[in-house]
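The values are calculated or read from the model by the stated rules, or taken from the named source; none is laboratory data. Every value quoted in this text rests on a predicted model; they were computed, and no experiment measured them. A quick note on method: Cβ atoms are made from the backbone with ideal geometry, for glycine too, and the neighbour counts reach across all protein chains shown.
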Amino acid sequence: MSAVTRRDEWADAPRAVGIVHDIPGRLRLRLPPGASIAGLNDVVDRLNGAQSSVWSPRTRSLLIRYDASILTPEEITRTVAEHADLEVPSSSDGPHAADDRPPVAAAVVGVFSDLNDRVARGTRGHLDLPIVLSVGLALWAGRQLLRGPITALSWTSALWYAHGLFRDYHATREH
């Protein structure tokens, strides 16, 4: 696809903030090309209850961690939309609305989202599935290093690479 075609598609794209996912305490928003992002992190970080925000130019998304007892996703989304000169998405545009993921990807995401919720509830919000998996893989890697010579790629490494590829290319799609 040529750059001219992409620009034409962007011109017709909705000028609204997209909600990629919304988990209490963690919100990821996607902004369309051309949105004003200068100073966006500072605006979000100044919100009462905001803990951190990270802008990803590659995915055009903003990850916000916040205290869910103080701040709501709606307040964050409205603030981002106002700063970036965008529309606030309607409630049907939320993360639980039907999306354009392939059915298998949607099913895998659903299973792991449920598992992540159970881990978070079981640890009273101190841990989530990505942290548990990351720590587990780091401990496994340390154990492998201490055991002796480095061997070929193991199944756990292959699984980790598969997870990264799935996450980057299928779990969330640009709209």
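Every condition in (1) touching a residue at least 60 places away in the same chain (Cβ under 8 Å); (2) in contact with a strand residue (DSSP E or B) (Cβ under 6 Å, 6 or more places away or on another chain) is met by Tyr66 except one, and the failing one is (1). Every condition in (1) at pLDDT 90 or above; (2) over 19 Å from the mean Cα position of the chain (by Cα); (3) not polar (S, T, N, Q) is met by Val54 except one, and the failing one is (2).
Of all residues in the range 38-61, those being outside any loop (DSSP other than H, G, I, E, B) and out of contact with any Lys or Arg (no Cβ under 7 Å at 6 or more places or on another chain) number 11.
Among residues of the range 22-49 that are assigned by TED's automatic domain parsing to the domain that holds His126, none has a beta-carbon under 7 Å from a residue that is hydrophobic (A, V, I, L, M, F, W, C) at least six positions away or on a different chain. If you go through the range 50-60 and keep only what is surrounded by 14 or more Cβ atoms within 10 Å (Cβ to Cβ) and either among the hydrophobic types (A, V, I, L, M, F, W, C) or not assigned by TED's automatic domain parsing to the domain that holds Gly25 (or both), you end up with Ala50, Trp55.
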